Amino acid sequence: SQTIHQWPATLVQPVGSPLSLECTVEGTSNPNLYWYRQAAGRGLQLLFYSVGIGQISSEVPQNLSASRPQDRQFILSSKKLLLSDSGFYLCAWSVPSEAKNIQYFGAGTRLSVL
Amino acid sequence: AQKVTQAQTEISVVEKEDVTLDCVYETRDTTYYLFWYKQPPSGELVFLIRRNSFDEQNEISGRYSWNFQKSTSSFNFTITASQVVDSAVYFCALSEPYNNNDMRFGAGTRLTVKP
């Protein structure tokens, strides 16, 4: 069966520090991968998605970036965090060849920028 | 443009009450998919149901039921005999079938079930 892992679960970082959040998927090949951000009490905002290794699409201009160095690995990064980067970050995957479009989510990373 | 509206920000009920979470959507596509996800306090989004636009048959799964009405562009979710474990944020979402990189989520409804 397929599983998705995200880490760390929580992170407290000072303003201006770098960020690296990792997401890996097991049990499937060539998944579509997604990074979402959920601000406190808000809905989900799609940040990046990837349909293959090295293929990243950005939905929202910001100081965050994403990379997909391996088929089932998706990394969210920042060189210098801002206070506004605080939030709950969720990684998700879906089967690209399936028209069902179900996205399956990881447990999330709660990021606090102080 | 696709849009999902969950007008109810927060709902509070007492255990065993029935509760309906509203979802209204906008799309110009004739083919689309609708979803409900549950986000418990732990944070992970749990997939509950997917519905395609050609299937208006209502669905029941245990205490959960979904009412899809194309005429009113609504896809409402009812929990019968609510339980404390149902407390969570519930999200409705909409996507196009061959562009699953564009799943639009509503803002979510926080349901609190009190004992």
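With a cut-off of at least 2 residues that are of a type in the set (Val, Ile, Thr) and under 13 Å from the mean Cα position of the chain (by Cα), name the strands (runs of 3 or more DSSP E) lying wholly within chain B.
Working: elements: B:3-5, B:10-14, B:19-21, B:24-26, B:33-39, B:46-52, B:59-61, B:64-69, B:74-79, B:88-96, B:99-105, B:109-114.
So the answer is B:3-5, B:19-21, B:46-52, B:74-79.
Of everything in the range B:65-95 that's closer than 21 Å to B:THR5 by Cβ and out of contact with any strand residue (DSSP E or B) (no Cβ under 6 Å at 6 or more places or on another chain), which residue is nearest to the other protein chains (Cβ to nearest Cβ)? Walk me through it before giving the result.
First pass over the range B:65-95, keeping only residues closer than 21 Å to B:THR5 by Cβ: B:65-79, B:88-95.
If we keep only those that are out of contact with any strand residue (DSSP E or B) (no Cβ under 6 Å at 6 or more places or on another chain) too, we end up with B:69-72.
On the way: B:GLN69: 21, B:LYS70: 18, B:SER71: 23, B:THR72: 22 Å.
Once the filter is applied, the top-ranked residue is B:LYS70.
Do we find that A:ALA40 is in a loop (DSSP other than H, G, I, E, B), among the small types (Gly, Ala, Ser) and more than 11 Å from chain B (Cβ to nearest Cβ) in this structure? Write out each step before concluding.
Details: in a loop (DSSP other than H, G, I, E, B): yes; among the small types (Gly, Ala, Ser): yes; more than 11 Å from chain B (Cβ to nearest Cβ): yes.
So A:ALA40 fits the description; yes.
Could you grab me the full set of residues in the range A:77-114 that are buried (at least 16 other Cβ atoms within 10 Å of the Cβ), more than 8 Å from chain B (Cβ to nearest Cβ) and closer than 21 Å to B:SER42 by Cα?
The answer is A:ASP85, A:SER86, A:GLY87, A:TYR89, A:CYS91, A:TRP93, A:THR109, A:LEU111, A:VAL113.
Would you point out which residue out of A:VAL60, A:VAL15 is free of Cβ contacts under 8 Å to residues at least 40 places away in the same chain, hydrophobic (A, V, I, L, M, F, W, C) and surrounded by fewer than 15 Cβ atoms within 10 Å (Cβ to Cβ)? Talk me through it step by step, then tell me what you get.
On the way: A:VAL15 fails: free of Cβ contacts under 8 Å to residues at least 40 places away in the same chain.
None of the other options fit; the residue is A:VAL60.
Could you tell me which residue of the range A:44-59 is nearest to the other protein chains (Cβ to nearest Cβ), considering only residues that are over 13 Å from the mean Cα position of the chain (by Cα) and aliphatic (A, V, I, L, M)? Spell out the reasoning first.
Step one: of the range A:44-59, the residues over 13 Å from the mean Cα position of the chain (by Cα) are A:51-55.
Subset that is aliphatic (A, V, I, L, M): A:51, A:53.
Working: A:VAL51: 7, A:ILE53: 16 Å.
Of everything passing the filter in the range A:44-59, A:VAL51 is nearest to the other protein chains (Cβ to nearest Cβ).
Kindly provide the set of residues from the range B:49-80 that are surrounded by 16 or more Cβ atoms within 10 Å (Cβ to Cβ) and of a type in the set (A, V, I, L, M, F, W, C), ordered by number.
Hits for the range B:49-80 are B:ILE49, B:TRP66, B:PHE68, B:PHE75, B:PHE77, B:ILE79.
FYI, it's all coordinate maths here, none of it is from the lab. Computed from a predicted structure; not experimentally measured. Note that each Cβ is placed from the backbone with ideal geometry, even for glycine, and that neighbours are counted across all protein chains shown.
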